[in-house]
Amino acid sequence: MIRLFPHPVLSLCLIFLWLMLTRFSLGYLILGTALSLVAGWAYSALHSAKPRIRRWQTIPRLAATLVLDIIRSNAAITRLLLTEGRNGRTSAFIQIPLQITSPNALAVLAIILTATPGTAWVEYGTDTGILTLHIFDASEADHYHRIVGQTYEPMLMEIFE
Amino acid sequence: MSPLQSVPLWLAIPVAFFVVLGSTLTLIGALGFARLQSFYDRLHAPTLATSWGTGGVMIASALMFSFIEGRAIVHEFAIGFCIVLTTPITLMMLGRAALERDRAEGSDALPLDMRTRPQRPDDPPAQD
């Protein structure tokens, strides 16, 4: 079973995506299943480390926090861009020491920080565990320290580690 | 009657709202991209377009075509999903490349403590 479905979640997501892009019918279901099986094998050949999700319950909370945060920072960045040159904004680099080390958790954190306008992931040292971010509004530095260190990181740790 | 004319007002209002919201955010992001001076600042402007810019247009399109076709159409969310998953790769690559270039040049764009890679404080200096 494990050899047939090395990545059951990935394969299920692909089948779902396939059915979403086509009309639901038995033929498409079979074709989609076959394709997702091949994709699962290909992925396991490339990536042997299997992501382990320990707590599914935290994922909806993470998603809700993220959506609210994206809305908030969209509004903030829009305001700053429209008043650019008159608001005395400066940008800054901030360094945040991270405790998470799992590549999957880091990848999700990168997606979160990129999807949220106002923060850009610049560098992460695997040896030091220090994440360097570029933030658009330097006066929000404390806010970003707090949101990464106290909001997202504990949730990602719960999910992945 | 064209399918567009059959759309009732209660649906047209949210669809219009989301289309205008998404496209306005994308426009503001593009303007910011053109006006900002530093490379690192410019990394931020397009994220408006890839977050709610895409999101707004996506929601509007899903609402509209789900109504017209009479079934749930959620293709748009696949596009959004792919955009959300792939932008970090591009942005991180660009950001990293700019950082390494500025470090190699000793550029003024970086604050002093950023001009070398952060070291672990309790480590002996690197041997290489």
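Key figures for this structure:
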quantity: Residue in the range B:62-76 that is at negative phi, out of contact with any Gly (no Cβ under 7 Å at 6 or more places or on another chain), surrounded by 13 or more Cβ atoms within 10 Å (Cβ to Cβ) and of a type in the set (Ser, Thr, Tyr) present; calculated: yes
quantity: Meets criteria (under 28 Å from residue A:158 (Cβ atoms) and not assigned by TED's automatic domain parsing to the domain that holds residue A:140) for residue A:70; calculated: no
quantity: The listed residue being surrounded by fewer than 20 Cβ atoms within 10 Å (Cβ to Cβ), out of contact with any strand residue (DSSP E or B) (no Cβ under 6 Å at 6 or more places or on another chain), part of a helix (DSSP H, G or I) and modelled with pLDDT of 90 or more, out of A:65, A:151; calculated: A:65
quantity: Residue under evaluation residue B:9, criteria (1) touching a helix residue (DSSP H, G or I) at 6+ places or on another chain (Cβ under 9 Å); (2) over 20 Å from residue A:75 (Cβ atoms), criterion not met; calculated: (1)
quantity: Test for residue A:111: is it open to solvent by 20 Å² or more (accessible area, probe 1.4 Å), within 19 Å of the chain's Cα centre (by Cα), facing another protein chain (nearest Cβ under 8 Å) and within 24 Å of residue B:53 (Cβ to Cβ); calculated: yes
quantity: Filter result for residue A:35 (surrounded by 14 or more Cβ atoms within 10 Å (Cβ to Cβ), over 16 Å from the mean Cα position of the chain (by Cα), of a type in the set (A, V, I, L, M) and within 14 Å of chain B (Cβ to nearest Cβ)); calculated: no
quantity: Filter pass, residue A:54 being away from chain B (no Cβ under 14 Å) and either outside any helix (DSSP H, G or I) or among the acidic types (Asp, Glu) (or both); calculated: yes
quantity: Residue ID - nearest to the other protein chains (Cβ to nearest Cβ), chosen from residues in the range B:5-15 that are open to solvent by 30 Å² or more (accessible area, probe 1.4 Å) and touching a residue at least 12 places away in the same chain (Cβ under 8 Å); calculated: B:14
quantity: Whichever residue in the range B:83-117 is open to solvent by 80 Å² or more (accessible area, probe 1.4 Å) and not in a helix (DSSP H, G or I) and, among such residues, is nearest to the other protein chains (Cβ to nearest Cβ); calculated: B:117
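Residue-by-condition table, conditions (1) open to solvent by 40 Å² or more (accessible area, probe 1.4 Å); (2) of a type in the set (Ser, Thr, Tyr); (3) part of a helix (DSSP H, G or I); (4) more than 7 Å from chain B (Cβ to nearest Cβ):
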residue	(1), (2), (3), (4)
A:69	no, no, yes, yes
A:74	no, no, yes, no
A:81	no, no, yes, no
A:86	yes, no, no, yes
A:96	no, no, no, yes
A:100	no, no, no, yes
A:106	no, no, yes, yes
A:123	no, no, no, no
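The values are calculated or read from the model by the stated rules, or taken from the named source; none is laboratory data. This structure is a prediction, so every number in the text was calculated from the model and none was measured. Every residue, glycine among them, receives a Cβ derived from its backbone with ideal geometry; neighbour counts consider all protein chains shown. Protein only, heavy atoms only, side chains kept; ligands, DNA and RNA dropped before computing areas. Shrake-Rupley method; radii C 1.70, N 1.55, O 1.52, S 1.80 Å.
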